1. Step by step: first the residues of region 69-119, then only those that are of a type in the set (A, V, I, L, M) and open to solvent by 30 Å² or more (accessible area, probe 1.4 Å), then the one that is farthest from Leu363 (Cα to Cα). Which residue is that?
2. Among the residues of region 235-261, count how many are in a loop (DSSP other than H, G, I, E, B) and without any contact (Cβ under 8 Å) to a residue 24 or more places away in the chain.
3. Which members of region 165-199 meet the condition of being open to solvent by less than 40 Å² (accessible area, probe 1.4 Å), β-branched (Val, Ile, Thr) and more than 18 Å from the chain's Cα centre (by Cα)?
4. Farther than 23 Å from Lys153 by Cβ, open to solvent by less than 20 Å² (accessible area, probe 1.4 Å) and modelled with pLDDT of 85 or more: which single residue out of Ala244, Ala217 fits that description?
5. So which residues in region 440-451 are within 16 Å of Lys299 (Cβ to Cβ) and either in contact with a Ser or Thr (Cβ under 9 Å, 6 or more places away or on another chain) or open to solvent by 10 Å² or more (accessible area, probe 1.4 Å) (or both)?
6. Quick one: is Ala46 open to solvent by 60 Å² or more (accessible area, probe 1.4 Å), at negative phi and aliphatic (A, V, I, L, M)?
7. Enumerate the helices (runs of 4 or more DSSP H) found wholly within region 407-500, keeping only those where 2 or more residues are of a type in the set (A, V, I, L, M, F, W, C).
8. Would you list the helices (runs of 4 or more DSSP H) that sit entirely within region 50-165 and hold 1 or more residues that are in contact with a Lys or Arg (Cβ under 9 Å, 6 or more places away or on another chain) and modelled with pLDDT of 90 or more?
Amino acid sequence: MKKVWKSVLMLIATLTLSFPSVMPTVQAATDDSNATSSSASSNKLAEIKAQGKLVVGTSADYPPMEFVVKKNGKDKIVGADIMVAKKIADDLGVKLVVKDMSFDSLLVALETGKVDMVLAGMNASPERKKSVDFSHTYYHGGNVFLINKSDAKKIKSGKDLAHAKIGAQTGSLQYQMVKKNMKQATMKPLDNINNLVLALKTHKTQGIMLDSLIAKAFVANDSDLKMVKDIDMPDNKSVGVAVAMPKNNPDLVAAVNQTVDEINAKDLMNKEYLPAAGKQMEKVNVKKTMWDYKSFFLKGVGYTLVIAATSVFFGFILGILLSLMRLSKVKVLHAIAVVYIEFIRGTPLMVQIMFIYFGIGSLISSLPAMLAGIIAISLNSGAYVAEIMRSGIQSIHYGQTEAARSLGMSQKMTFQYVVLPQAIKNIWPALGNEFITLVKDSSLVSTIGVAELMYQTQLVQSTTYKGVAPLAVTMCIYFVLTFTLSKILSYYEGKMSHHG
């Protein structure tokens, strides 16, 4: 039991010693970032060439345009869009860096400077052109409905879905088309193609609208699905796929257009890129069982544990400090703690993650997605731990503090050796529950492209065209992780009761 208290004291001491040295580093990073941001607004093309790399945002759940394969034991994003991006990077004489995130986060990432351009099967719609610039189009596909083959007799055209539940990817052109042209239908938007297909197969929706190329890939790999080509919408083929870039960068647009024009002139999409992507998909789909994808899940578990452990560490320290501030008689400290705790508890963790990565990340352009996720979860956890700690400290009778002080113990010693040990013993179950919650909450950082367990699950779904099996495996893994942690916490709870 003594080891537990020593660990707590070491955590507090570490924070105290580390705080002064951390602040200058953060300030320096912010200053460097501000300089980068100001230069980005002047000439994005010059910035890309100066950095020697082109950062491209994508959503790797859209085969054959972009998807993930295992190469030499590592995840690699491939597909026709990635080949276009590679040619753009080669023509600019820079290295290609690909960032994967949810589709509806891509334009936010572009506008906040997290990526230099977006290639994700994105249509150059008039609405999007208001916030970003597009290159010339390099692919025209048109859209179709994907339905269950069992419904083929009653659904033969888009008219038969006029009053049905229709799925479409959040933020996509398909979503806008269904919303505009099928006003009697019930929209069921989701941010991931795999989840849309899963909803279709489990009859949560009667149809989903996809680009015809992507729909063909799913039909070819799943005998339960069928395409409906007759969708009867006048704007079906009016918009093509293009490269999205930040506004007011004519030099960058001109350079990209030069590459796109060459791709179109040589018909590289149809002659090289799409056939090559098709071959990569065929190689991937030879594997049939979830065991063949164990490396995906193991990698996800590793990232999940790192995120959870780090967030527990910093969240616990922050929670102790905030609880002491809230109990402080210094009004300023008390007010800061109250405002922080109430604000964090009153806003969703998902929003906090997005704000730190895209909001603060726009000031600190080098902020990695994983670090942003850890910061957000730690800050969120600190608020909840603070309230748990406060309740534990207040549960200790004031008489014990008076007795300790009368024996000559200082206020600091009284807190460390009398109040804190008993408080932790009282709140251990609640604290343990918060730690277990952190393991599950780490799944939210998948939205900004962190390769934790949920992110890897989505990759397996994209690769195998199976929706339920990867989710079942992931549920079992989370259960094993949380059950093991629960048993460890119960063991220490028993030790505390024994020594109590």
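1. Met83
2. Going through region 235-261 one residue at a time, the tally reaches 1.
3. Residues satisfying the conditions are Ile166, Val178, Val197.
4. Exactly one of Ala244, Ala217 is farther than 23 Å from Lys153 by Cβ, open to solvent by less than 20 Å² (accessible area, probe 1.4 Å) and modelled with pLDDT of 85 or more, namely Ala244.
5. Ser442, Ser443, Ser446, Gly449, Val450, Ala451
6. No.
7. The helices (runs of 4 or more DSSP H) meeting that bar are 420-441, 453-464, 468-499.
8. By residue number, 80-92, 106-111.
The values are calculated or read from the model by the stated rules, or taken from the named source; none is laboratory data. None of these values were measured; they are calculated from a predicted model. Neighbour counts are summed over all protein chains in view; Cβ atoms, including those assigned to glycine, are modelled from backbone coordinates with ideal geometry. Remember, those area values only see protein heavy atoms, side chains included, never the ligands or the DNA or RNA. Shrake-Rupley method; radii C 1.70, N 1.55, O 1.52, S 1.80 Å.
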